[in-house]
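Inspection log for the structure reproduced underneath, given as structure tokens.
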Amino acid sequence: MHKEKGGKGGTIINVSSVVALTKIVNVPIYSATKSGVLKFSTSLGNHLHYSRSGVRIICICFGVTNTPLLRNLHNVFDTSAEPLLAKEMKKFRTQSVESAAKAVIETYKQGASGSVWISTSDKPAMDVTNTYDKSVQMFDDYVYN
Ligand SMILES: NC(=O)C1=CN([C@@H]2O[C@H](COP(=O)(O)OP(=O)(O)OC[C@H]3O[C@@H](n4cnc5c(N)ncnc54)[C@H](O)[C@@H]3O)[C@@H](O)[C@H]2O)C=CC1
Ligand SMILES: CC/C=C\C[C@H](O)C(=O)/C=C/C=C/C=C\C=C\[C@@H](O)C/C=C\CCC(=O)O
């Protein structure tokens, strides 16, 4: 896909989770992987890369979605975390896969490279790039000033 490698550009939509954006702390490895996806996407989607590659990189963070993944959670995570996990997950309205699919289409139509989206609780997909950027900017201010 990379323009400098003879490709025509394109779009990659990476799948992360609301665990990467919220205070959920009881699934450390899962959180690490989803945070990695988020940071990888925002970094690779940056205009410096995008202007060369022509490949738009978008990250979508799903809330609890009614897929087979949810149907057998026993022994997937640390079993001691299961009760807390069950409690955390009840805070979300489980959304349909149709809502998740619509959200992916919306991000494909509207998403800028490096953008971050949330799809949760059957609500329309929301572009949260500005909020995400602002939170990062707050850390930048602390680190660089
Ligand atoms: N269901 C949910 O509530 C949420 C899911 N996600 C993420 O969405 C993504 C998809 O999850 P679901 O559709 O819910 O799960 P799922 O378990 O329903 O589907 C996962 C699919 O990945 C395939 N797969 C597994 N390992 C593979 C491999 N090594 N190579 C190729 N394919 C492989 C499986 O065969 C399966 O079809 C995951 O990254 C998950 O972490 C994120 C937030 C919420
Ligand atoms: C508390 C989470 C609530 C909502 C987040 C969101 O809906 C979500 O991402 C749901 C995920 C459900 C995942 C179910 C199974 C995952 C399987 C593996 O990929 C787990 C990987 C590592 C487990 C080890 C660990 O993190 O402790």
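Just one of the listed residues (T42, T11) is touching a strand residue (DSSP E or B) at 6+ places or on another chain (Cβ under 7 Å), away from ligand 1 (no atom under 15 Å from the Cβ), open to solvent by less than 90 Å² (accessible area, probe 1.4 Å) and not in a helix (DSSP H, G or I), and it is T11. Among the residues of the range 101-122, those identified as open to solvent by 10 Å² or more (accessible area, probe 1.4 Å), in a helix (DSSP H, G or I) and of a type outside the set (F, W, Y) are A101, K102, V104, I105, E106, K109, Q110.
Return the only residue of T129, T65 being at pLDDT 95 or above and in contact with a helix residue (DSSP H, G or I) (Cβ under 7 Å, 6 or more places away or on another chain). Step through it out loud before you land on a result.
Values: T129 fails: in contact with a helix residue (DSSP H, G or I) (Cβ under 7 Å, 6 or more places away or on another chain).
On inspection, the qualifying residue turns out to be T65.
Annotation: L48 fulfils all but one of (1) surrounded by 14 or more Cβ atoms within 10 Å (Cβ to Cβ); (2) part of a helix (DSSP H, G or I); the unmet one is (1). Quick check on V55: is it open to solvent by less than 90 Å² (accessible area, probe 1.4 Å) and either modelled with pLDDT of 95 or more or of a type in the set (S, T, N, Q) (or both)? Yes, satisfied.
Looking across the range 83-99, the residues that are of a type outside the set (A, V, I, L, M), near ligand 2 (Cβ under 10 Å from one of its atoms) and free of Cβ contacts under 8 Å to residues at least 24 places away in the same chain come down to K87, K90, K91.
The values are calculated or read from the model by the stated rules, or taken from the named source; none is laboratory data. All values reported here derive from a predicted model rather than from experimental measurement. Heads up, the Cβs are rebuilt from the backbone with ideal geometry, glycines too, and the neighbour counts pull from every protein chain shown. Quick note on the areas: whole protein, heavy atoms, side chains included, nothing else; ligands and nucleic acids left out. Shrake-Rupley method; radii C 1.70, N 1.55, O 1.52, S 1.80 Å.
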